[in-house]
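To start, the structure itself, in structure tokens.
Please treat every number below as a calculation from the coordinates, not as lab data. Keep in mind that what you see is a predicted model, and the values were worked out from it rather than measured. With ideal geometry, Cβ positions are generated from the backbone for all residues, glycine too; neighbour counts draw on all protein chains shown.
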Amino acid sequence: MAVKRRLFHSLLSLSALCLSACAVNLGSFDKSDDYESYYDALGDVKCLYDGGDATYDVKKSLFNKTTTNKLSWDEGTEVSKQQYLYIIVPFEEDLKLEAIIFYVTAEVNLDLTLSLFYFENEDQAPKNIKYLTSPDEEIIYDDDGNPIGTKEIEYDDPPVEKSIVHGSRPLNKGAWQSFVLGNFKQTGFDDGMLHVKDGGYLYIRAENNSGWNRLTLTPITFSFINLMMRSA
């Protein structure tokens, strides 16, 4: 399916993924300052899962010399394994991104399906999210507090059709698997790049862990590392 092919940007050649701090290519971000320009461009990454959330500092947990050289973390900076539904990346600068790269690991052999969405500000982002345990309906009560029926709950997760990238990739139990995301389908642009603004948000949705897919996809607990964005 064409929509699945949008997930991978021809893998951008494996040279871009050599996990050595001196070999990582983040485009216009200046590696001579130990990528401080990269850290300045991104806010803390927030992850939502059914029953909770977690926040990770990009420099401490998601991209540094330890993560790139060892595919592991310094003590106390680990990204915990959870059934993450959304990985939310806030931008603090205007950027034009060629690709988004990160690594995922899980303790099962399973396809992980992702959808990416970009929102220009927090007001546009979803507020009423459908998790795996979220009910489909809610009870309706009369003025006296008596139940008189049910109605479907209106969640505001964006549909897959509005994603800028969508697709699946198999995970191998216990191994780190790279995801290279590019060829973005962003409304108003036809260059395949992701144009973001200061104050914008990238939402990476793990479809396996969405309440919309609980009858069709298997939930997956995973961790991730080496969040890299190549800027033009």
For segment 44-106, which GluC sites (Glu not before Pro) are in a loop by DSSP, counting at most 12 other Cβ atoms within 10 Å?
Glu75
Please identify the trypsin sites (Lys or Arg not before Pro) of segment 88-133 that satisfy two criteria: DSSP loop assignment and at most 14 other Cβ atoms within 10 Å. Which are they?
Lys127
Span from the segment 24-47 Cα centroid across to the segment 185-232 one, whole angstrom
18
Max mean-square fluctuation residue, GNM over the chain, Cα-Cα springs under 10 Å, options Gly174, Gly192, Gly211:
Gly174
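Return the Rg/Rh ratio of the chain with Cα-based radii and a Kirkwood Rh.
On the way: Rg = 18.7 Å, Rh = 18.6 Å.
With Rh from the inverse mean 1/r over Cα pairs, Rg/Rh is 1.00.
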Which value in nm describes the separation of the simple spin-label points at Asp198 and Asn121, placed 7 Å from the Cα toward the beta carbon?
1.5
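For an R0 of 45 angstrom, estimate the FRET efficiency from the Cβ-Cβ distance between Ser80 and Asp142 and round to the nearest 0.05.
Working: r = 44 Å, r/R0 = 0.99.
In this case the efficiency is close to 0.50.
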Starting from one equal scatterer on each C-alpha and no solvent at all, send me the Debye-based log10 I(q)/I(0) for segment 76-155 at q = 0.10, 0.13, 0.18, 0.24 Å⁻¹, two decimals.
-0.48, -0.72, -1.06, -1.36
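Report the charge-dipole magnitude of segment 2-231 in Debye, nearest 20, computed about the Cα centre from +1 at each Lys and Arg Cβ and -1 at each Asp and Glu Cβ.
On the way: 22 positive and 36 negative charges, 285 e Å.
I would put it at about 1380 debye.
Taking 0.36 nm per residue of sequence separation and subtracting the Cα-Cα distance, how much length would be gained by fully extending the chain between Leu71 and Asp111, in nm to one decimal?
Values: separation 40, 0.36 × 40 = 14.40 nm, distance 2.12 nm.
This chain segment gains 12.3 nm when fully extended.
Assuming R0 = 30 Å, can you tell me the calculated FRET efficiency for the pair Lys60 and Tyr155, based on Cβ-Cβ distance, to the nearest 0.05? Walk me through the intermediate numbers first.
Numbers: r = 33 Å, r/R0 = 1.09.
Computed FRET efficiency for Lys60 and Tyr155 comes out at 0.40.
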Set Lys and Arg Cβ to +1 and Asp and Glu Cβ to -1, take the dipole of segment 2-231 about its Cα centre, and tell me which of Leu202, Leu112, Pro158 lies farthest positive.
Leu112
Quick check: residue separation of Lys173 and Lys185 times 0.36 nm, minus the Cα distance between them. What number comes out in nm?
1.2 nm
Assign unit charges at the C-beta atoms only (+1 for Lys and Arg, -1 for Asp and Glu), then state the dipole size of segment 114-224 relative to its Cα centre in Debye, rounded to the nearest 20.
920
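Could you list the trypsin sites (Lys or Arg not before Pro) in segment 157-208 that lie in coil according to DSSP, counting only those with at most 10 other Cβ atoms within 10 Å of their Cβ? Intermediate values should be presented prior to the final figure.
Details: sites: Lys162, Lys173, Lys185, Lys197, Arg205; in loops: Lys173, Lys185, Lys197.
Those satisfying the criteria are Lys173.
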Under a 10 Å cutoff between Cα atoms, tell me which one of Asn183, Asn121, Asn208 has the largest fluctuation in the Gaussian network model of the chain.
Asn121
Nearest 0.05, what FRET efficiency do Ser37 and Asn128 give at R0 = 25 Å with Cβ-Cβ as r?
0.10
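In percent, what relative contact order does the chain have, based on Cα pairs under 8 Å that are 6 or more apart in sequence? Intermediate values should be presented prior to the final figure.
Details: 509 pairs, mean separation 79.1, N = 232.
Over the chain, the number comes to 34 percent.
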Amide hydrogen neighbours beyond the local backbone of Asp157, cut-off 5 Å, H modeled:
Lys130
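For the chain, what does -39500 (n - 2.57) per DSSP helix run (n ≥ 4), summed and divided by total residues, give at 222 nm, in deg cm²/dmol to the nearest 500?
Values: 3 runs with 16 residues, N = 232.
Value at 222 nm, helices only, nearest 500: -1500 deg cm²/dmol.
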Would you pull out the residues with amide H under 5 Å of Asp111's amide H, same chain only if 5 or more places away, H placed 1.01 Å from N?
Leu171
